Amino acid sequence: MEHFRSRGSVDKNKALVEHLQYYGIIKSGKVAEVMDVIDRGEFAPSGYPAYDDSPMPIGYNATISAPHMHATCLQLLEEHLQPGMRALDVGSGTGYLTACFAIMVGAQGLVVGVEHIPQLVALSIENINKSSAAAFLKEGSLSIKLAGHQMHKLAQSGLKMIKCGIITLVW
């Protein structure tokens, strides 16, 4: 895929989504809608070009994945992220993909992001509160947890999908 860099004062998130559609990364209208609603710029680290299709360091030896990876993940998991479903995002980082999951499953669903770095838990919550997924966080259908904290309860909560880094389990 050609490397994408958005330029000018155009709506850069929308241009990024259109680019991913043009190159066939995003095939679903739902995935395009979700990535358009959750603006990557609200999750990317300051000082970095948020709309470049490349991973970016977020500190603590972690990165926010490239947009084409987020799009691919959402595309592959779309049938498992339907309204009312439940999902667990292990290694939620900046909260971007977790927020996308929440938009896909809606207020009737449940999305839990789990992160082992306390500062990234705080960053995820801060970022999500700036995004279109903020209401889900306030209502409780979206949450970010510190790994190790009551993880056994999550395993018994009726989850249908778990994303852990690049590995996804679906049942």
> Looking at (1) open to solvent by 10 Å² or more (accessible area, probe 1.4 Å); (2) more than 25 Å from GLY24 (Cβ to Cβ); (3) modelled with pLDDT of 95 or more; (4) not in a strand (DSSP E or B), which is the only condition SER143 fails?
Replying inline: (4)
> Out of all the residues in the range 112-128, which are aliphatic (A, V, I, L, M) and assigned to a helix (DSSP H, G or I)?
Replying inline: LEU120, VAL121, ALA122, LEU123, ILE125, ILE128
> Taking only pairs six or more apart or across chains, which ones have beta-carbon atoms under 7 Å, a first residue in the range 113-141 that is among the aromatic types (Phe, Trp, Tyr), and a second residue that is crowded, with 23+ Cβ neighbours inside 10 Å?
Replying inline: PHE136/ALA102; PHE136/LEU142
> Which ones in the range 50-85 are under 14 Å from the mean Cα position of the chain (by Cα) and under 17 Å from ILE103 (Cα atoms)?
Replying inline: PRO67, HIS70, ALA71, THR72, CYS73, LEU74, GLN75, LEU76, LEU77, GLU78, LEU81
>> With the condition being surrounded by 17 or more Cβ atoms within 10 Å (Cβ to Cβ), modelled with pLDDT under 95 and touching a His at 6+ places or on another chain (Cβ under 9 Å), I'd like the helices (runs of 4 or more DSSP H) fully within the range 1-107 carrying at least 3 qualifying residues.
In response: none
>> LEU154 - would you say it is within 25 Å of GLU79 (Cβ to Cβ) and modelled with pLDDT of 60 or more?
In response: no
> Name the pairs whose Cβ atoms lie under 7 Å apart, with the first residue in the range 90-108 and within 11 Å of ILE128 (Cα to Cα), the second of a type outside the set (Ser, Thr, Tyr) and in a loop (DSSP other than H, G, I, E, B), and 6 or more positions between them or separate chains?
Replying inline: THR94/PHE43; GLY95/PHE43; TYR96/ILE38; TYR96/PHE43; ALA99/ILE38; ALA99/ALA133; CYS100/ILE38; ALA102/ALA133
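The values are calculated or read from the model by the stated rules, or taken from the named source; none is laboratory data. Only a predicted model underlies this, so the values are computations on that prediction, with no experimental measurement involved. In this analysis, Cβ positions are derived from the backbone assuming ideal geometry, glycine residues included, and neighbour counts consider all displayed protein chains. Just the protein is used for accessible areas: all its heavy atoms, side chains included, with ligands, DNA and RNA removed. Shrake-Rupley method; radii C 1.70, N 1.55, O 1.52, S 1.80 Å.
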